[in-house]
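Have a look at the structure below before the remarks.
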Amino acid sequence: KALEAKGRREQREREEAAAAREREQAARQREVERVADEARRAADAAALEEQRRAIAAEAEAKLAAERAAAEETLRAREAERRAAEEAQREEQRAAAAARKAAQVEAARRDKEAADRRAEEEK
């Protein structure tokens, strides 16, 4: 009878030990899964952050390109304005030179006419 009790006790202890091992194994498995989940979440967060940075960099590059294009447009307009002003000044100089030439020619004709009259009066 004592032997049977001892056998049952040993069987119960083996079953309890086996159950304890199963609980420990289940706890280890849950811990492994928790760590894996954390790693996946961290990887997802890193990927999202990298995507956000890429989008921000793309937007910044686009803004820089637009800014450069706007500055180039302003430079081109300024160059056109300066060229138009220079052309206008050149036209004004040419017109002034033409007026001066006309005055000189008129003066020369007046002098010739005066010289002819003086010659005729002699």
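FYI, it's all coordinate maths here, none of it is from the lab. Because the structure is a prediction, the values reported are computed rather than measured. In this analysis, Cβ positions are derived from the backbone assuming ideal geometry, glycine residues included, and neighbour counts consider all displayed protein chains.
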* Asked: What is the spin-label model distance, in nm, from R75 to A19 if the labels are put 7 Å beyond Cα along the C-beta direction?
  -> 8.4 nm
* Structure fact -> Cross-link reach from K122 to aspartates and glutamates, straight Cα distance under 13 Å and at least 8 residues apart if same chain, gives none
* **Equivalent ellipsoid semi-axes - Cα gyration tensor, the chain, angstrom** => 116, 4, 4
* So for the chain, taking the charge dipole from beta-carbon charges (+1 Lys/Arg, -1 Asp/Glu), which of A70, Q51, A114 sits furthest toward the positive end? -> Q51
* Structure fact -> The local net charge around D110, scoring Lys/Arg +1 and Asp/Glu -1 for residues other than D110 whose Cβ lies under 12 Å from its Cβ, equals +2
* To do: Would you give the gap between the C-alpha center of segment 1-34 and the C-alpha center of segment 36-94, rounded to a whole Å?
  => 70 Å
* Structure fact -> Taking every other residue with Cβ under 14 Å from the Cβ of E4 and scoring Lys and Arg +1, Asp and Glu -1, one gets +4
* Structure fact -> The extension gain from R41 to R53, computed as 0.36 nm times the residue separation minus the Cα-Cα distance, is 2.5 nm
* Asked: Which of the lysines could be linked to K100 by a straight reach, that is with a Cα gap under 23 Å, when you skip same-chain ones fewer than 8 residues away?
  -> K111
* Asked: What dipole magnitude, in Debye to the nearest 20, does the chain give about its Cα centre under +1 on Lys/Arg Cβ and -1 on Asp/Glu Cβ?
  -> 600 debye
